[in-house]
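Encoded as structure tokens, the structure appears first; notes follow it.
Values in this text are rule-based calculations from the coordinates and carry no lab data. These numbers come from a predicted model, not from an experiment. With ideal geometry, Cβ positions are generated from the backbone for all residues, glycine too; neighbour counts draw on all protein chains shown.
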Amino acid sequence: MFDGLSALTYLSISKDPIVSIDRDAFKALPSLRRLCLEDIDVEDFLPKCSSSLKNVYSLTFRNSTLKQLKKGMFAEMKQLRLLHLEENHIRFIEPGAFDGLDDLEGLSLHQNNLSKIVRDTFTGLQKLEWLILSENRITSIGPTTFELLPNLRYLYLGSNKLTKFKGNTFIKTPNLLFIDLSNNNIKSLPYDIFKSLTYLYHLNLNSNNFKKLKKGSIPAVYKLNDLNLNQNNINEIEPGTFEDFEYLVDLDLSNNTLKHVNAEMFQGLTRIYSINLEYNEISDLNPDVFDNFPTLKRVSLEGNRLDSKIMEVMQEKL
């Protein structure tokens, strides 16, 4: 099938009426490094052909009927660095499914049917740096789920069915820089959940169910730079809520139900550059409310109930 293409490094096949792929189909492609198969309904492709894909470093297998990842199914693909398994029907991952992928750096399981992730799911992925688990059906994350991923830096858990976490969930992943927990049903977080994350700079809690914020509602992260609380149900922020967020630069509170804003809400934000308050229910605002925040350069207030004169004054002051 691929005779004469021994120098080929990239191959993409999509929406092709292939019903079967021979075990040795890719043996004629010793230089192949990137393989992308989309919309191809060949569920047994991975276990059959992995032995002829030993030099591939990036594999995408998307939008198929794949339902399960079995133990050792990638074991012969030891050069693999990036594995994309998005938009399939994966419901279960056997412990040891990723055995042999000692150098894997990125894994995407976006938009599958996973409901449970356990510690042994990620056995052998010591070098994994980013993990995408968004748009699944995950209901809980245990305290040991990620403890075998010491080098994890980017974690995407958005659009699942998460409601709560244990306090030591991330204790074994101290190198995390970015966490996306958006579009779940989280109402609160343990006070010490981010205690070991000294490098975390971005936290996305967009589209959850936070209501009244007080100190500890959002656990402090020393060097957090960007906090997204857009589209929750926040109607009140107590003084002191953000006093331990010294390095915060961008704060998004848009699409909530705040009616009042005062300086005490934001005390402690000594490096804040941008506050987004769009589409709340703010009807009155003292134009001097942000005068004691010298680093603040942008306040977004569109979609509130403010008089146009107040809006003009605010624009002039910033």
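Summing Lys and Arg as +1 and Asp and Glu as -1 over all other residues whose Cβ lies under 9 Å from the Cβ of ASN206 gives a net charge of -2.
Under the rule a/c < 1.5 gives rounded, and otherwise a/b versus b/c splits prolate from oblate, where does segment 59-183 land using the Cα gyration tensor? Because a/c hits 1.5 or more and a/b fails to exceed b/c, segment 59-183 counts as oblate.
Local charge for VAL249 was computed over the other residues whose Cβ lies under 9 Å away, with Lys and Arg +1 and Asp and Glu -1, and equals -1.
In terms of overall dimensions, the C-alpha atoms belonging to segment 165-238 reach 33, 20, 18 Å along their principal axes, ordered largest to smallest.
Each Lys or Arg adds one and each Asp or Glu takes one away; over the other residues whose Cβ falls under 13 Å from the Cβ of LEU306, this sums to -3.
Roughly speaking, what % of Cα-Cα pairs in segment 116-234 are separated by over 17 Å, rounded to a whole number? Value for segment 116-234 (Cα pairs over 17 Å): 53 percent. Projected label points at ARG33 and ALA7, each 7 Å from Cα along the beta carbon direction, are separated by 1.5 nanometres. Quick one: pull the percentage of alpha-carbon pairs in segment 168-318 with a separation above 22 Å. Tail of P(r) above 22 Å: 37 percent of Cα pairs.
Listed by chain and number, the aspartates and glutamates whose C-alpha is less than 18 Å from the C-alpha of LYS27, apart from same-chain residues fewer than 8 away, are ASP3, ASP44, GLU76.
Rounded if a/c is under 1.5, else prolate if a/b beats b/c, else oblate: with a ≥ b ≥ c from the C-alpha gyration tensor eigenvalues square-rooted, which is segment 101-154? In terms of gyration-tensor shape, oblate. Using the alpha-carbon atoms, what tilt in degrees (0 to 90, nearest 10) does helix 308-317 show relative to the longest principal axis of the chain? Its long axis makes an angle of about 80 degrees. Placing +1 on each Lys and Arg Cβ and -1 on each Asp and Glu Cβ, with no other charges, gives the chain a dipole about its Cα centre of roughly 880 debye. The convex hull drawn around the Cα atoms of the chain, when projected onto a plane and averaged over every direction, covers 17.7 nm². In the chain, helical runs assigned H by DSSP with n ≥ 4 each contribute -39500 (n - 2.57); averaged across all residues and rounded to the nearest 500, the mean residue ellipticity at 222 nm is -1000 deg cm²/dmol. With respect to the cross-link table entries LYS172/LYS211; LYS215/LYS297; LYS70/LYS187; LYS127/LYS215; LYS71/LYS223, which display a Cα-Cα separation exceeding 27 Å? Beyond 27 Å between Cα atoms: LYS172/LYS211; LYS70/LYS187; LYS127/LYS215; LYS71/LYS223. Comparing LEU227, ASN256, ILE272 along the charge dipole axis of segment 211-274, the residue lying farthest to the positive side is ASN256, per the Cβ-charge model.
At R0 = 35 Å, how high is the FRET efficiency between THR270 and THR163 if r is their beta carbon distance? Nearest 0.05 is fine. Step by step, r from the Cβ atoms, then E = 0.60. Starting from the Cα gyration tensor of segment 196-242, take the square roots of the eigenvalues, sort them a ≥ b ≥ c, and report rounded, prolate or oblate (rounded when a/c is under 1.5, otherwise prolate if a/b is larger than b/c, else oblate). It comes out oblate by the Cα gyration axes. Sorted on the mean count of surrounding Cβ atoms within 10 Å across their residues, most packed first, peptides 306-314, 152-160 read 152-160, 306-314.
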